[in-house]
């Protein structure tokens, strides 16, 4: 590896585009065009400028470039967990569009801690990023709305009458369709597994569930609602609780396909037959559900990520609703 001398370091540190222009025998504007890949520079001049740049070991001060352009070409992505399939698929969609638009992503994992969300929003305020995409929030609306004056904020939930641009799925409608389908297949006693009770999407699911219970005349049984279901291993404690119940649900709505796989696997180990003893519907349509023939609600997560970044670029479009679809397989 080439050793850089103290003198070379000094040259590298102090060289500016005026030095390059002088040594190359061109104008400062010509050097600027070459550095920014602009057209209208002859091949001869471009080659000469590039040679001098290499000779002087010049590197652009990107902070100065961003300051001059008023942009950082970076977007903060706020999500509670980076290792969760739901959010990793959203991130895949966001990243593919960011790459096309030549933006870099700053990943902000929050674990649903409000202060960490505020830290990401402060990056927008201090011009460290050009926008913020929130995949799942913990902050109150008034906190998020306060930061809108500093740049675009996009949220992955239905913001309804609020002015915050959003991409969302009708989670009430998705839950309602799944419950109706289970009821049609002969199930009245239905429980569900969820990541958390807080949050707009979770509240919509809960509303659909209570609406179903009222419709069929069944009481609400809090022990049939399992909170904190995020990973495949959560299937173990869910099934353990089911085994300890005097009265079990005959069907489970599991708002995460990974957890649905865990529940199904643990049921097999405990001699609980799916769907004879308990029916299972997952959510997301993860590729695993196709292999294991798990009935699920397909959510277009990668497309949601793509649309989230689209709204960052075009926040004037405000709101985009994406469809869901019931995929019938063999667990009901």
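The values are calculated or read from the model by the stated rules, or taken from the named source; none is laboratory data. Being a predicted model, the structure only gives us computed values, none of them experimental. Because the Cβ atoms are built from the backbone with ideal geometry, glycine has one as well, and the counts that use them run over all protein chains shown.
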Every residue from segment 1-17 that is modelled with pLDDT of 60 or more and either outside any helix (DSSP H, G or I) or surrounded by 11 or more Cβ atoms within 10 Å (Cβ to Cβ) (or both): 15, 16, 17
Residues of segment 234-252 classified as in contact with a helix residue (DSSP H, G or I) (Cβ under 6 Å, 6 or more places away or on another chain) and more than 27 Å from residue 180 (Cβ to Cβ), total: 1
Enumeration of residues in segment 36-50 that are surrounded by 11 or more Cβ atoms within 10 Å (Cβ to Cβ) and over 13 Å from residue 17 (Cα atoms): 38, 41, 45, 46, 47, 48
Residues that are touching a helix residue (DSSP H, G or I) at 6+ places or on another chain (Cβ under 6 Å) and either modelled with pLDDT under 95 or assigned to a strand (DSSP E or B) (or both), drawn from segment 275-300: 280, 281, 282, 284, 286, 288, 289, 296, 297
Residue under evaluation residue 186, criteria (1) within 19 Å of the chain's Cα centre (by Cα); (2) surrounded by fewer than 15 Cβ atoms within 10 Å (Cβ to Cβ), criterion not met: (1)
Residue match in segment 121-130 (condition: in the same structural domain as residue 254 (by TED's automatic domain parsing) and surrounded by fewer than 17 Cβ atoms within 10 Å (Cβ to Cβ)): no
Any hit, segment 153-167, residues being over 21 Å from residue 321 (Cβ atoms) and under 20 Å from the mean Cα position of the chain (by Cα): no
Candidates 75, 26, 41 - the one that is over 37 Å from the mean Cα position of the chain (by Cα) and modelled with pLDDT of 85 or more: 26
Residues (crowded, with 19+ Cβ neighbours inside 10 Å, more than 16 Å from the chain's Cα centre (by Cα) and closer than 20 Å to residue 201 by Cβ) located in segment 290-308: 296, 297
Some residue of segment 236-254 being surrounded by 14 or more Cβ atoms within 10 Å (Cβ to Cβ), closer than 25 Å to residue 92 by Cβ and modelled with pLDDT under 95: no
